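The values are calculated or read from the model by the stated rules, or taken from the named source; none is laboratory data. Treat the numbers as computed from the prediction; the structure is a model and nothing was measured. Cβ atoms come from the backbone with ideal geometry, glycine included; neighbour counts cover every protein chain shown. What goes into the accessible areas is simple: the full protein's heavy atoms, side chains included, and nothing from ligands, DNA or RNA. Shrake-Rupley method; radii C 1.70, N 1.55, O 1.52, S 1.80 Å.
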Amino acid sequence: MKPHDLPPVTGWTLARRAERMNPSVIREILKVTEQPGIISFAGGLPSPRTFPVDAFAQACQRVLRADGPGALQYAASEGYGPLREAVAAMLPWPVDPAQVLITTGSQQGLDLVGKVLLDSGSRALVETPTYLGALQAFAPMEPEVVGVASDAEGVDLADLAARRDGARFLYVLPNFQNPTGRTMSEARREALVQTARELALPLVEDNPYGDLWFDTPPPAPLAARHPEGCIYLGSFSKVLAPGLRLGYLIAPEQVLPKLLQAKQAADLHSPGFNQRMVADVLRDGFLERHVPTIRTLYKAQRDAMLAALEHEMRGLDVRWNTPEGGMFLWARLPAGMDAIALLPKAVERGVAFVPGAPFYADTPDPRTLRLSFVTATPQQIATGIAALAATIRENLP
């Protein structure tokens, strides 16, 4: 009997958690934006113009010359020692390098948090709306993910107290949040930390965008105010390059050993060669010179999008915010419209965005959408926003 004559394999039974895994809406939209001529405001991708290719070309040579075999060998699960030291040194509160765990992107940090802190049926609190990747990372653990009401300053503390019962943690992005671009105010941060202490509610603070401020730095992190009650996630994806797949987490000693064990089970360690290259690039203050160039570029692109929206959306009941940093702007369509239904019509006109509904843990607002301003040129932004405005006008209820 030939192999192709054998009966098909049967009997596969998927785990219950697999049923809760869903494709990333953003990744599916990105497939559409690969079509020629599409101006995409959809992806959460940093601008490739910011990638320090030359710096990494030189670092690659230095790392291989210094200890090529060591760079290409298996490595410690905690991460490369000099990189952990560099991370601890660049944070704005005292951190022991032993508290630093290098992760395969900050997305892995979210996965580890979910594995270690969530059981089936346990409660996790998130902002409204929140990062879609966090919802995906937590979903396989089969938790009850509950959205906490939020405003322009951050989490509504009264609603937080009302929903705290049984919650394992509150997940927040205080700086230039994905998807809304909002920043938690100083007063709200202080009040949130005080409330978290009173409620004995751990915090998971995700900060991939905090260095991308335009005019003034954001307030101090929650973890700087409450280090014993907070897990802090950071990333090199937005300030160096996402292809390195390197992030880090800072955790209290009560939970760090289990997070490390979860990482060992997941991938043994993050790429050691990449870690050594990043440590090499960081050693002479490179970020202090490089990140301001990213801020300048992104601020100009944000301003171009704000100007285009102001010009093109005249007469339309479209609302948007003005982010103080980061990569995203949050908008709301006129009453009666649905961003998911509008998307294919916008694509027909050559522009793409991300509907806001998938970013909600609970009841979504179908009128919301996310616009990324960092990968398009000012001219593309003007053309794309004009196309979006025309699509909205054509489809007003």
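Sort out the exposed loop GluC sites (Glu not before Pro) in the chain (DSSP loop, at most 14 other Cβ within 10 Å) and tell me the longest stretch that has none.
Details: sites that count: Glu34, Glu253.
In the chain, the maximal stretch lacking such sites is 35-252.
Not counting the cut sites, what is the longest span of the chain without chymotrypsin sites (Phe, Trp or Tyr not before Pro) that DSSP labels loop and that have at most 14 other Cβ atoms within 10 Å?
Counting only loop sites that pass the neighbour cut-off, the longest clear stretch is 75-397.
Taking a sphere under 11 Å around the Cβ of Thr130 and counting the other residues whose Cβ falls inside, with K and R at +1 and D and E at -1, yields a net charge of -3. Protein heavy-atom surface of the chain, 1.4 angstrom probe: 54% of the accessible area is carbon and sulfur, with nucleic acids and ligands not counted.
Of the candidates Pro23, Pro218, Pro366, which one comes out as most mobile in a Gaussian network treatment of the chain with C-alpha springs shorter than 10 Å? Highest fluctuation of the listed residues: Pro23.
Relative contact order, whole percent, for the chain stands at 23, derived from Cα pairs under 8 Å and 6 or more residues apart. Taken about its Cα centre, the chain carries a charge dipole of roughly 680 debye when the Cβ of each Lys and Arg holds +1 and the Cβ of each Asp and Glu holds -1.
Rolling a 1.4 Å probe over the protein heavy atoms gives the chain an accessible area of 45 Å² per residue.
Taking square-rooted eigenvalues a ≥ b ≥ c of the alpha carbon gyration tensor, is region 254-389 rounded, prolate or oblate, where a/c under 1.5 means rounded and, failing that, a/b exceeding b/c means prolate? It is oblate, given that a/c is not under 1.5 and a/b is not larger than b/c. Between rounded, prolate and oblate, where does the chain land on the alpha carbon gyration tensor, with a ≥ b ≥ c its root eigenvalues, rounded for a/c under 1.5, else prolate if a/b exceeds b/c? In terms of gyration-tensor shape, rounded.
Using only Cα atoms, figure out Rg for region 110-205 and give it as a multiple of 2.2 N^0.38 Å.
On the way: Rg = 12.4 Å, N = 96, 2.2 N^0.38 = 12.5 Å.
For region 110-205, the normalised Cα radius of gyration is 0.99.
Please list Thr128, Thr103 in order of solvent-accessible area, largest first, computed with a 1.4 Å probe with all protein chains present.
Working: Thr128 40, Thr103 0 Å².
Heavy-atom accessible area, descending, gives Thr128, Thr103.
Which trypsin sites (Lys or Arg not before Pro) in region 267-334 pass both tests, a DSSP loop state and at most 10 other beta-carbon atoms within 10 Å? Let's see the in-between values first.
Numbers: sites: Arg276, Arg283, Arg289, Arg295, Lys299, Arg302, Arg314, Arg319, Arg332; in loops: Arg283, Arg314.
Qualifying residues, ordered by number: Arg314.
Which lysines, if any, have their Cα less than 17 Å from the Cα of Lys238, not counting same-chain residues under 8 positions apart? The qualifying lysines are Lys299.
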